[in-house]
Amino acid sequence: MVYRNFGAKPFRFYNSWLYRDGLEDIVIKVNSNMVNTEIVEPPDVLFMKKLKCIKNEILSWVKKVKETEGEEENSLKADLNDLQMAMEDRDLLEEEVLVFQEGTNRSKELDFFRSLDLKQKSRVRWAKEGDENTSFFHGFINNMKVNNAIPGLMIDGVWETRPSFIRFFRNKFSEDLIERSFLQCYGLKVLDAEDAGLLIWPFSEEEIKVAAFNCGSDKAPGPDGF
């Protein structure tokens, strides 16, 4: 019989957990509970059990945090979409502006947590599949989009962070022209109805065969390059 017990399963700790509230309280709580126990054990055994308890508590906490943040993110996206639709027709109320700003900040914070996890997970994978169409690549690009977002603009010497500056620039790029002028050209040569219909007529199998067989032999090389 082959002995395959290689010890405890490694515990991967993510740096984004340090930016969330509650992690420090869990460590302090578990540590104090282990200290107050009346069981006398060797220090190394007690330390191992303490780490195991902390690990289990952190994993349970992370699971709850992920579920809560997932629901919160879906709710934020729905609220922000509604406010962005409203901005197209009117200026937001003061309460709506506050909701928009808080929702945007919280959304950026969640994206920041996700980007930290993606970077930590894929430091080794980046050399292999960083330039491929992977989830890490898209996460990295989305994180760059968030970092490159414009939080506000300086308009007439005032730093404007309200979403109303979207309306400001939309009005700048709009035009008052209702009817556009058009040209009337006479004497131009045009196709008759039959020839014009041939332009949108489906290709026949014979035409496809002729086009394929007329391709040069070097147009689609094989694995050996010939």
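Throughout, read-outs are computed from the coordinates displayed, never taken from laboratory work. Values in this document were obtained by computation on a predicted structure and should not be read as measured data. In this analysis, Cβ positions are derived from the backbone assuming ideal geometry, glycine residues included, and neighbour counts consider all displayed protein chains.
Working from label points 7 Å from Cα in the Cα-to-Cβ sense, the VAL45 to SER75 distance is 4.7 nm. Rounded to 0.05, the FRET efficiency of the ASP156 and ASP176 pair, given R0 = 25 Å and the Cβ-Cβ distance, is 0.65.
The amide H of GLU160, built 1.01 Å from its N in the peptide plane, has LEU153, MET154, ILE155 as neighbours under 5 Å, considering only residues 5 or more places off or on other chains. The calculated FRET efficiency for the pair LYS145 and GLU57, based on their C-beta separation and a Förster distance of 35 Å, comes to about 0.50. First measure r as the distance between the Cβ atoms of TYR14 and CYS215, then evaluate 1/(1 + (r/R0)^6) with R0 = 41 Å and state the FRET efficiency to the nearest 0.05. Calculated transfer efficiency: 0.20.
Kindly flag which residue pairs out of LYS63/LYS108; LYS77/LYS119; LYS29/LYS145; LYS52/LYS108 have an alpha-carbon separation exceeding 29 Å in this structure. From the list (LYS63/LYS108; LYS77/LYS119; LYS29/LYS145; LYS52/LYS108), the Cα-Cα distance tops 29 Å for LYS29/LYS145; LYS52/LYS108.
Maximal additional length on extending the SER135-ALA86 stretch stands at 14.4 nm, based on 0.36 nm per residue less the C-alpha distance. Scoring 87-100, 178-191, 200-213, 106-119 by mean Cβ neighbours within 10 Å over their residues and listing the highest first yields 106-119, 87-100, 200-213, 178-191.
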